[in-house]
Amino acid sequence: MTAILGAGISGLAAGHYLLRKTPTLPLSIYEATDRVGGWIRSDRYLDHGYVFEAGPRTIRPKGPAANNTLELIEDLGLADQVYSISSSHTAARNRMIYAKGKLNLLPSSLGGLLKTVPPFTKPLYFAAFRDLLAGPSKTPLKDESMYSFVERRFGKEIADYAVSAMLCGICAGDAKEISVKFLMKELFEREQRHGGVIKGLLKEAFQNRNKSAKQEPIPVGKLAAQAKAENWSIYSIRGGLQALPETLASDLSAKGVSIVTETKFEELTFDRDRIMLRVDGKEQELSRVVSSIPAYKLATHVQKQHPQLATSLASIPFVDVCVINLQYRRGDLLKQDGFGLLVPPIENLPILGVIFDSCCFDMEENTVLTVMMGGAWFEKWFGKNPSEDHLLHIALEHVKKILHIEQPPDTYKVNLLRKCIPQYTVGHQERVKAIRDYIAHHRLPVALCGASYDGVGVNDVILSARRCVENMELD
């Protein structure tokens, strides 16, 4: 018997790949909450033409991890429900930063890199020259923060306004703490090997131009080929992204998998090559467990038998994020269409950014926005236990300040997501390696997948589940 802890997208995907590997495998999935999907949550108001997303709302279609997700969507029969946005769409081209008291449209073409675009005081191509002239780091580095790396290679403005803002959108994190080796491993390693990012790119392109023809092509499914041919920028699922975990769960249930929600996961005990799992007061013996729950939650259950492992798991930090959905019964409230805006930490404002949902997707005659707040700065701005009214007031205050929308929303929802996003701080890759090495060395029948370890995006956690299963030895 195999059990999966957690019915978020990674846990459900692990179930999918386990059954693909061993179709007759007895399998149960345990979830503490009353629903599947984890942080993917769509509140549907389809009679009124809109959807609120509390978590992820779009997926990127490019790269091996993206191809894997598109293959999963095909396998589940959801291909005809995909809602794609091409690279020429306004939401793909127009991305903004709120800085120096105004909204600034970021360059979306090569021409934009050749001129000075606020909030920057020099053309962005100057940053490339800086990298070429900067030379190697004074001493070899194993890792450093994103901010430190970008400031050193490309300058303070790029670090303050571009990369710091980008990380607010990716993981609600502080660029001065997030690992460059984890998020931009190839760029960092090129810089360390060749003494510069641009130099590294040019040297490796020259060295590998003949090798690339000999490499095996990455298998690409029909939907991934369509995404490439139609030049998708992002996509979602009609009716909200929650349709993906819901369909996964339905597919698993139809294949005999037991998905148990509202369970109390009480104890995990390792006994040689077996695991005793106690859930809701009942014990069961398992041959293996896949844990997709956050690392800090797993840490509490291995602390007694494996305190060293628990310490490593608990060392991965998480942040709180407040997501506030707003709906207005007018479709013309935004003065500038686009995907949305990010607010760099240097602006010292309590919001991380605003997504223009109704610009990305057809939401009839509604303006729908999502305001993101908190992250690495949650307690600084809101304390430990802010009220929903207080959070809503701050969100509306900044929607008025930045977007000049003065009327109150017709519908809103405040989502306070506690410890929802892991922070890949400097040394993250080594921490995760130490965790997996410990499990392998002690031959513990537990496998790990999910955002705690391998990346926060939907593509990342699904690929994490696949790789986790591929590395498992099943009887």
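Structure above, values below:
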{"read-out": "Inter-probe distance in nm under a simple model that places probes 7 Å from Cα toward Cβ, at residue 406 and residue 433", "value": "5.8"}
{"read-out": "Mean-position separation - Cα centroids, the range 405-452 and the range 329-398, in angstrom", "value": "22"}
{"read-out": "Greater than 23 Å apart at Cα, pairs in 156/181; 115/156; 21/304; 176/419; 100/122; 264/297", "value": "21/304"}
{"read-out": "Euclidean distance of C-alpha centroids, the range 46-85 and the range 241-289, integer Å", "value": "26"}
{"read-out": "Read-out percent of Cα pairs over 36 Å apart, derived from the coordinates shown; its label in (1) 32; (2) 35; (3) 23", "value": "(1)"}
{"read-out": "The range 1-80: projected area of the alpha-carbon convex hull, averaged over directions, in nm²", "value": "6.9"}
{"read-out": "J(HN,Hα) series, the range 453-468, from Karplus relation 6.51 cos²θ - 1.76 cosθ + 1.60, nearest Hz, glycine and proline x", "value": "10, 10, x, 9, x, 4, 4, 4, 6, 5, 5, 4, 5, 5, 5, 4"}
{"read-out": "Fraction of beta bridges assigned by DSSP in the chain that are antiparallel (%, nearest 5)", "value": "75"}
{"read-out": "Placed amide H near residue 40: partners under 5 Å, 5+ positions off or other chain", "value": "9"}
{"read-out": "Free-standing Cys residues across the chain, given no other cysteine C-beta under 4.7 angstrom", "value": "168, 171, 322, 359, 360, 420"}
{"read-out": "Per residue, in Å², the accessible surface of the range 50-182 once ligands and nucleic acids are set aside, probe 1.4 Å", "value": "45"}
{"read-out": "Proximal aspartates and glutamates relative to residue 142, as straight alpha-carbon distance under 12 Å, when same-chain residues fewer than 8 apart are discounted", "value": "189, 191, 430"}
{"read-out": "From phi via Karplus (6.51, -1.76, 1.60), per-residue ³J(HN,Hα) for the range 385-397 in Hz, x at Gly/Pro", "value": "9, x, 7, 4, 4, 5, 5, 5, 4, 5, 4, 5, 4"}
{"read-out": "Accessible carbon and sulfur surface of the chain relative to its total accessible area, %, 1.4 Å", "value": "51"}
{"read-out": "Å² per residue, accessible surface of the range 323-415 at 1.4 Å", "value": "45"}
{"read-out": "Using a Förster distance of 41 Å, the FRET efficiency for residue 48-residue 88 (Cβ separation, nearest 0.05)", "value": "0.90"}
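The values are calculated or read from the model by the stated rules, or taken from the named source; none is laboratory data. Being a predicted model, the structure only gives us computed values, none of them experimental. Note that we place each Cβ from the backbone using ideal geometry, even for glycine, and neighbour counts take in every protein chain shown. Calculation scope for accessible area: heavy atoms of the full protein, side chains included, ligands and nucleic acids excluded. Shrake-Rupley method; radii C 1.70, N 1.55, O 1.52, S 1.80 Å.
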